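Data first, discussion second: the structure below is written as structure tokens.
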Amino acid sequence: MNMLRKKWAILVLLWVAGLAIWQLAALAYGPEIVPGPIDTWKGAQELLSDGSLVQYIGISFYRVFVGWTLGSLLAIPIGLAIGTLPAIRVFAEPFLNFIRFIPPIAFITLFLVWFGIGEQSKIALIMYATLFIVVMNTFTGVLSVEEDKIRSARSMGASEWQILLHVIIPATTPFIFTGIRLAMGTSYMAIIGAEMIAANEGVGFLIWNSRLFFRTDWIFVGLISLGLMGFSTDRLVGWLGRKLLYRYGIVSSGPLKR
């Protein structure tokens, strides 16, 4: 109990110190450059009063959730196929190692040309941001499965399909789950870039459009909203993983360590 109280006391002190430093920076540079906590809260109240902030958060979350979900569902079987079939891996691995270094934001213009300026281009961009991270983690997990486990299953008469279902997938689940959580962060980065360039709604649009009115307080509101969205969704996914996948070694809902 004492350790828990000490932990919370330190956490509160860190938050107070952070807010104090933020306020000092606002006093030093002026609210037009660095709006303080009070000015940011007033800006948030303005955006909340007309419902625009809640609307923008909802739209951005919808785009991230749909693209991230579709990208993950597509990436997992691809990663399993690459990891279990050497003939596919020989051709796919060099391609993956090449294209994964191209950031999603570099494809915004092409995706706008290919899919238009509607939701399709933004969701496709999220899918791209998700796909390669989950694929890489999945097939890395497959390659890390101990060969002795596979040989033992074969010696007991298991078919290749049974080995996949009962040996490879359970052993790979922690890698898949880690890839999914990492892809969530990349998805938020991708959607903000897309909303800044080709959208009239969303948190990215709010941040980008606020510059026209020199409303740095609205920009701070958008940044804080993004942080809260990412933090809450990551913790939710981590909690679900701990509850539903604990038998596969998913035991922590805390932040990921890269």
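The values are calculated or read from the model by the stated rules, or taken from the named source; none is laboratory data. Being a predicted model, the structure only gives us computed values, none of them experimental. Quick reminder, even Gly has a Cβ in these numbers, built from the backbone with ideal geometry, and neighbours come from all protein chains shown.
Identify all residues within the stretch 217-249 that are modelled with pLDDT of 90 or more and hydroxyl-bearing (Ser, Thr, Tyr); write none if there are none.
If the condition is that a residue be modelled with pLDDT of 90 or more and hydroxyl-bearing (Ser, Thr, Tyr), then 225, 232, 233 are the ones that fit.
Does the stretch 61-80 include one or more residues that are among the charged types (D, E, K, R), in a helix (DSSP H, G or I) and more than 13 Å from residue 221 (Cβ to Cβ)?
Yes, the stretch 61-80 contains a residue that is among the charged types (D, E, K, R), in a helix (DSSP H, G or I) and more than 13 Å from residue 221 (Cβ to Cβ).
Which numbered condition trips up residue 150, out of (1) within 21 Å of residue 178 (Cα to Cα); (2) in contact with a helix residue (DSSP H, G or I) (Cβ under 7 Å, 6 or more places away or on another chain)?
(1)
The rows are residues; the columns are (1) of a type outside the set (D, E, K, R); (2) surrounded by 13 or more Cβ atoms within 10 Å (Cβ to Cβ).
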| position | (1), (2) |
| --- | --- |
| 176 | yes, yes |
| 190 | yes, yes |
| 201 | no, yes |
| 205 | yes, yes |
| 214 | yes, no |
| 238 | yes, yes |
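Of the residues 158, 190, which is assigned by TED's automatic domain parsing to the domain that holds residue 62 and either in a helix (DSSP H, G or I) or among the β-branched types (Val, Ile, Thr) (or both)?
On the way: 158 fails: either in a helix (DSSP H, G or I) or among the β-branched types (Val, Ile, Thr) (or both).
Checking each option against the conditions leaves just 190.
Restrict the check to the stretch 61-72 and report whether at least one residue is touching a Lys or Arg at 6+ places or on another chain (Cβ under 6 Å) and either buried (at least 17 other Cβ atoms within 10 Å of the Cβ) or among the charged types (D, E, K, R) (or both).
yes
Do we find a residue being more than 17 Å from residue 54 (Cα to Cα), of a type in the set (Phe, Trp, Tyr) and in contact (Cβ under 8 Å) with a residue 60 or more places away in the chain anywhere in the stretch 197-218?
Within the stretch 197-218 (the criterion being more than 17 Å from residue 54 (Cα to Cα), of a type in the set (Phe, Trp, Tyr) and in contact (Cβ under 8 Å) with a residue 60 or more places away in the chain), the answer is yes, since at least one residue qualifies.
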